[in-house]
Structures are given as structure tokens and as C-alpha cells.
1. Can you tell me how much longer the chain between THR114 and SER4 gets when fully stretched, taken as 0.36 nm per residue apart minus their C-alpha distance, in nm with one decimal?
2. Between ASP128 and ARG148, how high is the FRET efficiency from 1/(1 + (r/R0)^6) when r is the Cβ-Cβ distance and R₀ = 35 Å? Nearest 0.05.
3. For the stretch 1-62, what's the radius of gyration and Dmax over Cα atoms, in angstrom?
4. Step through the table entries LYS59/LYS129; LYS5/LYS154; LYS129/LYS246, compare each Cα-Cα distance with 27 Å, and write down the pairs that go over it.
5. How far, in nm, would the chain grow between GLU259 and ALA37 when pulled straight, counting 0.36 nm per residue and subtracting the alpha carbon separation?
6. Pulled fully out, how much extra length does the chain show between PHE247 and ALA21, if you take 0.36 nm times their separation in residues and subtract their Cα-Cα distance?
7. Looking at the stretch 54-168, what % of the alpha carbon pairs are farther apart than 21 Å?
8. Give the long-range amide H neighbours of ARG180: residues separated by 5 or more places, or on another chain, with amide H under 5 Å away, using H modelled in the peptide plane at 1.01 Å from N.
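Read-outs throughout are calculated quantities, based only on the coordinates presented, and are distinct from any laboratory measurement. Source: prediction; values computed, not measured. Ideal geometry is used to build each Cβ from the backbone, glycine not excepted, and the neighbour counts take in all protein chains shown.
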Amino acid sequence: MTLSKYRQKRHFQRTPEPRGAVSKRLGRSFTVQKHAASHLHYDFRLEIDGVLKSWAVPKGPSLDPSVKRLAVHVEDHPLEYGSFEGTIPAGEYGGGTVMLWDRGQWEPIGDAKTGYREGKLKFKLHGDKLRGRWILIQSGSSRSTDERNWLLRKEQDEEARSSANYDILEAESVSVKTGRDLDAIAANKKSRRRDQSPKVHPVPVAERVLRRSKTSPTALPTRVEVQLATLAREAPTGKQWLHEIKFDGYRMICRIQNEEVSFVTRNHHRLDGAVA
Ligand code: MN
């Protein structure tokens, strides 16, 4: 297992793609990247033996079991590629915009290595968009290593949908990582970074509260102010900080006292309607 072909094709001084390394972990991640290169295609990648086995699917996956999609086997990619979203500069290999379209875990049906070697790989996907049973099968009679054409097809199960009334590529067209479409990714110069981490909202540790909790128990305060996050470009460093991803929604405090449970918002409204 090697990434030499992957590395030969790329200039890592010029492309934001990761150089990466073969991993020793025994994971089963998968990723699908929508890639607006000279021709739009979807790169379908399954983690096998520490790399991402990769197929370029010109028409993208279909949930319709009667639709077989050409999947051209391409060079192995490093696992680090599985979180890549951004723009490969024009003139570089694969120049164009890459969107992280789907990601998740895959589960082989039968032995994955044998299936891969024999050109018939059956598996289940547990992604945000793609789920259920799928098959990748080498096309034609040739079984030589030069045989690069495979077919990707959905198998019949409760996740299958007829192409007559549903096209997942249209219905689910934006990034699973950032919610952006291709134009927004292409327009954002910051997306040339290797990895667009989720927005980080630093939250200071309430040190005095932590210190006090190590001594004798005290009465639960009747009113607790929630910590408010501040948007920052870089996450601050140092042991006085904890970092958490800020998900959209309501921040609330759950109070459990005298066998009564209440939920209180940052403005001290009880979510059950009573006044805190
Ligand atoms: Mn590609």
C-alpha cells in the first residue's frame, strides 16, 4: 500500500491538498467529494488498509438500484483527504473546487480485502446522505490490475429511491461539512486551507467555580449565568481555555434540585413556561 502515485501527481507547495501518510489504524471511514475539475465528478472513497481506495464517478451516485454508475478506479488517497474541502489551483492536478459532499462509516458485507481483490465489493454505508447497501463491481471480463472501470450501484433496500422521483445529487447538493455550495467554496479564499475546521467559539473556564467544587459542597446558586461565546478567528491557546464547537440552537441550563428538573434559558426563562 503506497501513496507514491498520489504524491507524484501533486505539488504540495502549490495545492492545499494534504500530503498525508499511510495510516496504521483499522478504520472504515468513507467520503464522497464533489469535484468541479475539468469535468464535474464525484470521488467515492473507502478506507481500506490505511488509505482511501478511490473511484471517480462521473455522474455521481444514484439511489436507484436500476442505475449503474461508471466508477473509474483512481490512485489511493491518504486518510487526511477525507476531510479536505477547498480549491485546487488551476493548472495543478485536479485543479478546481472540491466539496465534501458526504462522509461516514462503511461496513463490508463479507470480507472486504477479498471482495476488493476479486472486483466485487459489497458494503453498507452509514453516511449523512448515502445509506444502506451498495455494490462496487469491476466491469468487463478482465480481472487484471489495469482494469480500471468499475460500476457503482445501489442495492435494493429501504434506502433505495427511484430515480423517476428523486435525485439525491439535486436534493442534497451542498457540503456536509460547511453547508456551502461549490460557488461559495470557490469564492472563499480561506477555503484553500487544508481543513476548514468548524467555527471555534472560545469559552473561558470558570476557574473559581472549579476550585470551589473541590472543597466542601455548597448550596446550589439560585441563578446561574450561562457563559457566552465570542466569535474569534483563531482559537486562543493555554490551559485556561476549554474549546467546544458552538452548535446553533438554544443554550440552556438543566437544574436538578429536590427531585425537580427544570430547564432555564440564558435569559432565565424556564422552558416549561414558569419564571425562573
Ligand atoms: Mn477528483
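1. 37.3 nm
2. 0.80
3. According to the Cα coordinates of the stretch 1-62, Rg and Dmax are 12.7, 36 Å.
4. On the way: LYS59/LYS129 16 Å; LYS5/LYS154 29 Å; LYS129/LYS246 23 Å.
Beyond 27 Å: LYS5/LYS154.
5. Gain on stretching GLU259 to ALA37: 73.9 nm.
6. Values: separation 226, 0.36 × 226 = 81.36 nm, distance 3.14 nm.
Additional length available on full extension: 78.2 nm.
7. Working: 2769 of 6555 pairs.
Tail of P(r) above 21 Å: 42 percent of Cα pairs.
8. Close amide H contacts, sequence-distant or interchain: SER175.
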